[in-house]
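One structure is given here, and the rest of the page talks about it.
The values are calculated or read from the model by the stated rules, or taken from the named source; none is laboratory data. Here the structure is a predicted model, which means the values were calculated and not measured. So basically every Cβ, Gly included, is an ideal-geometry build from the backbone, and we count neighbours across all protein chains shown. Heavy atoms of the whole protein, side chains included, go into the accessibility calculation; ligands, DNA and RNA do not. Shrake-Rupley method; radii C 1.70, N 1.55, O 1.52, S 1.80 Å.
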Amino acid sequence: MIRRPRPLDALRRWVERTPPPAVLAVLYLALIVAGGLALKLPVMTRQTISLSDALFTSTSAVTVTGLAVLDTQHALTFWGQLVLAALIQLGGLGLMTFAVLVWSALGLPMGITHHNYLREDLNQTSYLRLTRLVRTILRVVVIAEIAGALLLCLAFMPREGLGAGLWHAVFHSVSAFNNAGFSTFSAGLTGYATDPVVNLVIPALFILGGIGYVVVSDIRNRRVWHGWGLHTRLMLVGTAALIVIGVGLTAILEWHNPRTLAQFDGAGARLMVAWFQGVTTRTAGFNTTDIGGLHDSTSLLYMALMVIGAGPTSTGGGLKVTTVVVMALATLAFFRRRTEIWAFGRSIGLDEVLKVMALVAIASVLIFSATFLLIASHEGRFLDISFEVASAFGTTGLSRGYTAELTGFGRLVIMAVMFLGRVGPLTLGFFLATRITPRVRYPRGQVHLG
């Protein structure tokens, strides 16, 4: 008797033959399509929206970006906002991490295939710390988002009422921890620009989500500083430096700008707004002032911060802080004529440096290509368009008001940049991790550089 092949068998064979990062990319794409179709349901919106609107919103949510073509407060019903929050949570947490949490809750064993996908999704090279890391992720997510929602109730409930205030608090807690930047207020958080609770809780959530689960696990389980790994030290030092640079330069450049900081009375209020905007540019994407009113110099600074992004195994995007730090260390080693790269008493291998070079090169080509395509097909200021692309690549969500100007083609370009900014490093990591021992060695040649 001839057994006919079943679709599940074909799917299983495809999964076994396909590299884990590629499978994960397909899963993210499937989630985006499912989210877009869900948002098209009549119960999700207060008005008829196009398929383009739904797919763009779903892409922005799954990639935890925050660029919006719909008014989340007025265009989406409660159910639409709930779907949006679920997409943000799945995209920020990671599909395989979420699947493993469900697997563990049901008491089901994990096979080697599941470990492979989880290892790629969390950007890990070893199986040993996966189980412990997943447990840490679960604790951090639950504790941070519940605590954040409860604290934000103190700010939102007095103005919005009990029920509405609670929902705003829950949504913003999920959005902030996952560095998504979506807000259930049409004007963002501009109405809470000087609210101390919002200015403390929201940044605390997206900084915690942005430093990465590995760093949180290291801090929780090891002795302070000397017991921390090199990755944790580089992340904390790099994050602190970027926060100081972002906040300090925002205050200096925007202090007398009437459209941003100068509209607030008193040095305390201006510093509070400078603090919020200086740290949110990394990948969070919330705003407490008019982003379109920023000076060009500040916008250029924010573009750099958005491209750098957050940390590996985090809810944020971008090149990643450690990538930029290793690139800076390699540059410093070159100028000092050193053949080894090291930091905090630990050396950094050539493999990591080559990976950094590849990541920077690919990111540069992607950003340049997307900017060129948008400029060639759209009318508008170069700064506004390039800011939009940088925001999409860093999965940040800040915009100088250009998102609404995108045509259908422009939306496709930005959606592709958001998608690649979120899942691109996974696919790249697979190819970088594949080693082929050369059978032939060639004589060294000389190339003149610089």
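Structure notes:
- Stretchable slack from Leu162 to Thr190, in nm (0.36 nm times residue separation minus alpha-carbon distance): 8.0 nm
- Per residue, the stretch 204-284 exposes 42 Å² of accessible surface when a 1.4 Å probe is rolled over the protein heavy atoms with every protein chain present.
- Label point distance in nm, Tyr442-Arg338, each placed 7 Å from Cα along Cα→Cβ: 3.1 nm
- Percent accessible area from carbon and sulfur atoms, the stretch 208-333, protein chains only, probe 1.4 Å: 69 percent
- If R0 is taken as 41 Å, the Cβ-Cβ distance between Leu200 and Val224 corresponds to a FRET efficiency of 0.95.
- For the stretch 121-274, the relative contact order comes to 18 percent (Cα pairs under 8 Å, sequence separation of at least 6).
- Placing pseudo-labels 7 Å out from each Cα toward the beta carbon at Asn257 and Glu405 gives an inter-label distance of 1.7 nm.
- Heavy-atom accessible area per residue - the stretch 30-87, 1.4 Å, Å²: 38 Å²
- Note on His295 and Trp79: their simple-model spin labels are 5.0 nm apart, each label 7 Å out from Cα toward Cβ.
- With a cut-off of 18 Å on the backbone N, the residues of the stretch 272-296 near the modelled label site 7 Å out from Asp265 along Cα-Cβ are 272-273.
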